[in-house]
Amino acid sequence: MKNNQLKDIRETYATKFGFNMPEAPFSKAQMGLSEDVVREISKNKGEPEWMLEYRLKAYEAFKQKPMPSWGADLSHIDLQNIYYYIKPTGAEKRTWEDVPENIKTTFDRLGVPQAEREYLSGVKAQYDSEVVYSSLMDELEEEGVIFLSTDEALRKHPEIFKEYFGKVIPYADNKFSALNSAVWSGGSFVYIPKGVSVKRPLQAYFRINAQNMGQFERTLIIAEEGSFAHYVEGCTAPVYSSDSLHAAVVEVIVKPGARFRYTTIQNWSDNVYNLVTKRARVEKDAVMEWVDGNLGSKVTMKYPSCYLIGEGARGEVLSIAYASKGQHQDAGAKMIHAAPNTSSSIVSKSVSLRGGRTSYRGLVDVALSAPNARARVECDALILDSISATDTFPTMRINESSANVEHEATVSKIGEEKLFYLMSRGLTESEAMGLIVSGFIEPIVRELPMEYAVELNRLIELEMEGSVG
Amino acid sequence: MKSLLLEQNKNISISPVEDTQYVYVLPGVSTEPTNLELNFEKEGVTCEIIVLGKMHEGQSVELTTISRHLVPNTSCVTNYYVALEDGSSSNYVGKIIIAKKAFQTNSYLNNKTLVIGEGTKNITRPILEIEADDVKASHGATTGRVRGDDIYYLTSRGLTKKEAEELVVEGFFESMVEKIETGDVREKARAGVKS
């Protein structure tokens, strides 16, 4: 089988997503990181004193913490060769017409305004450091739903902001949560009031435009009792020869009986280090679902977590990773069972080809305070050629005798016999291969909003150059 | 395949030259951490690792198994079956490593933890590091308590709860013990998990 003839799904990236616009920043901090830069960001945003103090404490923690010694290779990141704050435009706009031309063109090419018209409840568009466009359907606003950039939320809803900010992920949680806490800018603030169900997804689109950019969005989501919403984020960046850094922090609070779904389609260009901390606090009988798609970036280290702290809480992670040439996807999930009768499920599917490496890294932790916990982990990896690699690093820590925990992992290449069978039925090798890979990732794709499922399927469609047989 | 009962030792490293079933019975009381590794350096060899142990009240086991495939066309199944009595614990790392040139490797790891007491602790880390394609590697790990309905059925047949539990634990190990191909090794393993 001529696996090396597989067409890379990222081959069209440069033309489709990899373009860039001339930089015309409203303001731009000097390159590199220092206390002055942290102060400048805070001053530029006109923040309250407590936030500046928080940023400075976080900056101290960042300086003290060592780089992670595990996971992907981060030794090539040059933290002083990055712009920590680039403000692209004056203020957040409510209509696309008001958004500066270059920025509007970018989002047009990415199809964001069209998607908004067709199937979304609300949109945030972030360009470098700031949210440049924002919308929410009127009826949701009337119901009390808040969907703002995190900066605007700090100005408009200071009390609720202060009550929840940094409570799920403390600034000193890890080196990159500390960095984000020091220089955060943009991101989404979502508040779903008690009992409100938001039918169509809320979407945020993150775009890096500038070279050597560091994007540090900060997202805070509160789903009140009995509410439901689905938040979707997409990310892309131009292809540059020098590295960019994306270090987000996402905190989600799911109150009793609520259900929240958070979907990510990460498609950064392969010069982006994507080092993200995502964590949800899941209360009594609440459900948190992470759907995490990692297709892009040079290096990703991201393990969405659920802290199941209320009785009957449930956490789910569906994770898909695709690593091609020069990419290392170190992704996974963490489930912390801290209350009785909690349950969790992790399904991870990864595909590596052309020298790419995928790693599943996960944790299931059952505390003594969590009798009758049930957890299930399933991770499968496909290796499509002889120069690619895959790892599985799961940990199960069970301190409660009544827990029921299952873990399964498999690694394989596409079976010759499956290909042979499909080809004997009249498919070409490339069609057969595409069908098998589609079937492999299907459990995840079917959970995506339809528009994304179509897009992902199209991306994953593996073609062969030249027909075989 | 011939079976070989391994002596207790904290560091066991073997490069198998013929198809072998390696059986290791944990003493059931706390010992130094145990490292058991098979380095496959000869092509075409198929092996099995069977580690069994019933951890007595308050005792703990720390075990690492490594199945390292360095040449093409080798196979390994690693089994770790442990039962945990009151307050006992198991800390297990099970690695499957497949090196770059080790095509046609087939490696599987199977870990089952049966909880029969209260206050137990169990850490399991099954790790796969795969550098080659055209291989099959997988692991499965489960942790669960003795099923209530099994006990109920047996007690309804006249056994005491303790006898019923002992029978379930025996059955748990027997599913592995019966796979041991050499008679005297099988008998020693069976006796080892009874005490």
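Bear in mind that the values in this text are calculations on the coordinates, not laboratory data. Just so you know, these numbers come straight off a predicted model, no measurement behind them. Quick reminder, even Gly has a Cβ in these numbers, built from the backbone with ideal geometry, and neighbours come from all protein chains shown.
Each label point is 7 Å from the Cα along the Cα-to-Cβ direction; what then is the distance between the points at B:GLU187 and B:GLU174, in nm?
The modelled label-to-label distance comes out at 1.8 nm.
Using only the Cα atoms of region A:229-318, what do you get for the radius of gyration and for Dmax, in Å?
Gyration radius and largest Cα-Cα distance of region A:229-318: 14.6, 49 Å.
So what does log10 I(q)/I(0) come out to for region A:198-254 at q = 0.15 Å⁻¹, using the Debye formula with one equal point on every Cα and no solvent?
Per q value, in the given order, log10 I(q)/I(0) is -0.56.
Starting from the alpha-carbon convex hull of region B:108-195, give the projected area averaged over all orientations, in nm².
Details: hull surface 33.5 nm².
With every direction weighted equally, the projected area is 8.4 nm².
What is the spread of the Cα atoms of region A:3-88 along each of their three principal axes, largest first, in whole Å?
57, 38, 20
Using a Förster radius of 45 Å, what is the FRET efficiency between A:LYS325 and B:SER30 based on their Cβ-Cβ separation? Nearest 0.05, please.
Values: r = 49 Å, r/R0 = 1.08.
E(calc), rounded to 0.05, equals 0.40.
Along the charge dipole of region A:53-145, pointing to its positive end and built from +1/-1 on Cβ of Lys, Arg, Asp and Glu, which listed residue (A:PRO100, A:ILE86, A:VAL145) has its Cα farthest out?
A:ILE86
Hey, can you grab everything whose amide H is under 5 Å from the amide H of A:THR219? Only 5+ residues off in sequence or another chain; H modelled, so Pro and N-termini drop out.
A:SER188, A:VAL249, A:VAL250, A:GLU251
Run the dipole for chain A about the Cα centre, Lys and Arg Cβ at +1, Asp and Glu Cβ at -1, nothing else charged, and hand back the magnitude in debye, nearest 20.
Values: 53 positive and 64 negative charges, 120 e Å.
The calculation lands at about 580 debye.
Let's test the formula: R0 of 51 Å, r as the Cβ-Cβ distance of B:TYR152 and B:SER15. What FRET efficiency results, to the nearest 0.05? Mind showing how you got there, number by number?
Values: r = 48 Å, r/R0 = 0.95.
So the FRET efficiency works out to roughly 0.60.
Would you mind checking the tilt of helix B:161-177 against the longest principal axis of the Cα atoms of chain B, expressed as 0 to 90 degrees and rounded to 10?
Its long axis makes an angle of about 20 degrees.
Can you put A:TRP50, A:TRP268, A:TRP96 in order, fewest other beta carbons within 10 Å first? Please report the intermediate quantities before stating the final value.
Working: A:TRP50 11, A:TRP268 26, A:TRP96 18.
The order, fewest Cβ neighbours first, is A:TRP50, A:TRP96, A:TRP268.
Run a plain Debye calculation on region A:127-280 (Cα atoms as equal point scatterers, no solvent) and give log10 I(q)/I(0) at q = 0.10, 0.20 Å⁻¹, rounded to two decimals, same order as the q list.
The computed values of log10 I(q)/I(0) come out as -0.34, -1.30.
Obtain the nm distance between the two label points defined at A:ILE160 and A:THR15 by a simple spin-label model: each point lies 7 Å from its Cα along the Cα-to-C-beta direction.
The modelled label-to-label distance comes out at 4.6 nm.
Which three lengths, in whole Å and largest first, does chain A cover when its Cα atoms are put on their principal axes?
68, 57, 47
Using the number of other C-beta atoms within 10 angstrom as an exposure proxy, rank B:LYS161, A:LYS349 with the fewest first.
Numbers: B:LYS161 11, A:LYS349 24.
Least to most surrounded, the residues fall as B:LYS161, A:LYS349.
In Å, the Kirkwood hydrodynamic radius of chain B over pairs of distinct alpha carbons? Numbers along the way, then the final one.
Numbers: mean 1/r = 0.0579 Å⁻¹.
For chain B, inverting the mean 1/r across all distinct Cα pairs yields 17.3 Å.
Go ahead and run the numbers for FRET between B:THR160 and B:THR64, Cβ-Cβ distance against an R0 of 56 Å, rounding to 0.05.
Numbers: r = 38 Å, r/R0 = 0.68.
After rounding, the FRET efficiency stands at 0.90.
Check which residues have an amide H placed less than 5 Å from A:VAL364's amide H, if you skip close sequence neighbours.
Residues meeting the amide H criterion: A:MET335, A:THR395, A:MET396, A:ARG397.
Hey, what D do you get for region B:28-102 in µm²/s if you plug the Kirkwood alpha-carbon radius into Stokes-Einstein at 37 °C and 0.692 mPa s?
Value of D from the Cα-based Kirkwood radius: 245 µm²/s.
With both partners inside region A:7-302, how many of the DSSP beta bridges are antiparallel, as a percent to the nearest 5? Each step should come with its number before you reach the end.
Working: 13 of 69 bridges.
Just about 20 percent of them are antiparallel.
In a shell of Cβ-Cβ distance under 13 Å around A:ASP243, excluding A:ASP243 itself, what net charge do Lys and Arg (+1) and Asp and Glu (-1) give?
Values: positive: A:LYS298; negative: A:ASP73, A:ASP78, A:ASP270.
Every neighbour counted, the sum reads -2.
In the protein assembly as shown, what percentage of the DSSP-assigned beta bridges are antiparallel, given to the nearest 5? If you can, show how the numbers build up before the last one.
On the way: 27 of 223 bridges.
Here the antiparallel bridges make up roughly 10 percent for the protein assembly as shown.
What per residue convex hull volume, in Å³, do the alpha-carbon atoms of region A:321-411 yield? If you can, show how the numbers build up before the last one.
On the way: hull volume 5.7 nm³, N = 91.
Once divided by residue count, the hull of region A:321-411 is 63 Å³.
Long-range amide H contacts for A:LYS93: which residues qualify at under 5 Å (H placed 1.01 Å from N, peptide plane, sequence gap of 5 or more or a different chain)?
Hits under the 5 Å cutoff: A:TYR133, A:SER134.
How big is the gap, in Å, between the Cα center of region A:15-58 and the Cα center of region A:278-311?
The two parts, judged by their Cα centres, are 27 Å apart.
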